[in-house]
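Asker: Below: one structure in structure tokens.
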Amino acid sequence: MPPIDEPGSHPVGLNPVFSIPQIYEAILKNLPVGFSLVDRERERKNFLSMLVHDMKNPIVIGEGFLNRLLAEKAGPLTEKQEKYLSIIREETAKLQRIVADFLDFSRFERNEYQPAQAPYNLEEALGRRIEAMRVVADKKDLHLFLEYDQESLPIIFADAAMIDRVISNLLDNAVKYTEPGGAVTVRLVNRSEDVLVEFSDTGIGIQPEDLPCVFDAFCRIDKNAEGSGLGLSIAKAIVTAHGGTIAVESTFGKGSIFRFTLPKDRTP
């Protein structure tokens, strides 16, 4: 292994050999032969719950001490020490986001999530997120559009934080997987019984064999992507909890369309 100080090198600890899905599959394979499907499902949920709760506290404590070191509470830092500690903080932040995904996913798995519904303006929420993404889109020379009917759109009841999360996930993915010069179009359609939100891109698309698992936990279409692999699974759980639906269409090499619906007559 090259020394840590060489450009492009890093400590072994920052390059894990096994991914969480691989560890999870290994645990399931080693369950007793007599375990039924119900038993296996229970053990899967228990594994997720124990994993995230056991990981959360050490990460929080470690981050606290790391911030104290960066604030030079334990003494002055050299430039190289500060650089390395900053890298550790960035990686710790990524790990915190993964653990947060697992905590949320565990809640959904155990049916512990109930939407905190309140009046929610989808048009404004989409507009805010699109404007926030324009900086990233401009850097990639992407065209970013929002289309909706000129007629007044209804105010629906929804959990704002959670639906914002669904919007962010779908829009971020569309921008991420669209090549420079392409386009991402977000459509908002007022239908008779629900509101449809559609994210269409001219990106790389999804292979036909990968489409069935897109919304499954740990499904990784892009094997090089960072994160928990739970984003779309969580998005589906959120939309379903609101009484809506979520789906995808894709042509490999031409682009994808992700869409979800939210009912208009759902009240707290």
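Asker: Loop only by DSSP, 12 or fewer other Cβ within 10 Å of the Cβ. Give me the GluC sites (Glu not before Pro) in segment 72-181 that pass, ordered by residue number. List each step's numbers first, then the result.
Answerer: Values: sites: E72, E79, E82, E90, E91, E109, E112, E123, E124, E131, E147, E151; in loops: E72, E112, E151.
Those that pass, being in a loop and sparsely packed, are E72, E112, E151.
Asker: So, one more: Between the DSSP loop rule and a limit of at most 12 other Cβ atoms within 10 Å, which trypsin sites (Lys or Arg not before Pro) in segment 108-173 are left? Mind showing how you got there, number by number?
Answerer: Values: sites: R110, R128, R129, R134, K139, K140, R165; in loops: R110, K140.
Filter output for segment 108-173: R110.
Asker: While we're on this one: Relative contact order of segment 131-268: what whole-number percent is it, with Cα pairs under 8 angstrom and at least 6 residues apart?
Answerer: Working: 246 pairs, mean separation 36.9, N = 138.
With pairs under 8 Å counted, the relative contact order is 27 percent.
Asker: Residue by residue, what Karplus-based ³J(HN,Hα) values in Hz, rounded to whole numbers, does segment 135-149 have, using 6.51, -1.76 and 1.60 with θ = phi - 60° and x for Gly and Pro?
Answerer: 4, 5, 4, 4, 5, 9, 6, 9, 8, 10, 10, 10, 10, 7, 5
Asker: Using the Karplus curve 6.51 cos²θ - 1.76 cosθ + 1.60 with θ = phi - 60°, work out ³J(HN,Hα) for each residue of segment 251-265 in order, rounded to whole Hz, and write x for Gly and Pro.
Answerer: Those phi angles translate into 10, 4, x, 10, x, 9, 10, 9, 9, 9, 10, 9, x, 8, 9 Hz.
Asker: What order do E198, E193 take when sorted by accessible area (1.4 Å probe), most exposed first? It would help to have the intermediate numbers written out before the result.
Answerer: On the way: E198 20, E193 140 Å².
Descending order: E193, E198.
Asker: Roughly how many debye, to the nearest 20, is the charge dipole of segment 111-268 about its Cα centre, given +1 on each Lys and Arg Cβ, -1 on each Asp and Glu Cβ, and no other charges?
Answerer: Details: 16 positive and 24 negative charges, 42 e Å.
In debye, rounded to 20, segment 111-268 gives about 200.
Asker: Cα-Cα over 18 Å: which of K140/K176; K56/K176; K56/K80; K56/K83?
Answerer: Details: K140/K176 9 Å; K56/K176 28 Å; K56/K80 28 Å; K56/K83 25 Å.
Exceeds cut-off: K56/K176; K56/K80; K56/K83.
Asker: Lys/Arg Cβ at +1, Asp/Glu Cβ at -1, dipole of segment 102-149 taken about the Cα centre: which of N111, Y148, L122 is farthest positive-ward?
Answerer: The Cα lying farthest towards the positive end belongs to N111.
The values are calculated or read from the model by the stated rules, or taken from the named source; none is laboratory data. Computed from a predicted model, the values in this text were never measured in an experiment. All Cβ positions, glycine included, derive from the backbone under ideal geometry; neighbour counts span all protein chains shown. Side chains included, ligands, DNA and RNA excluded: accessible areas come from the protein's heavy atoms. Shrake-Rupley method; radii C 1.70, N 1.55, O 1.52, S 1.80 Å.
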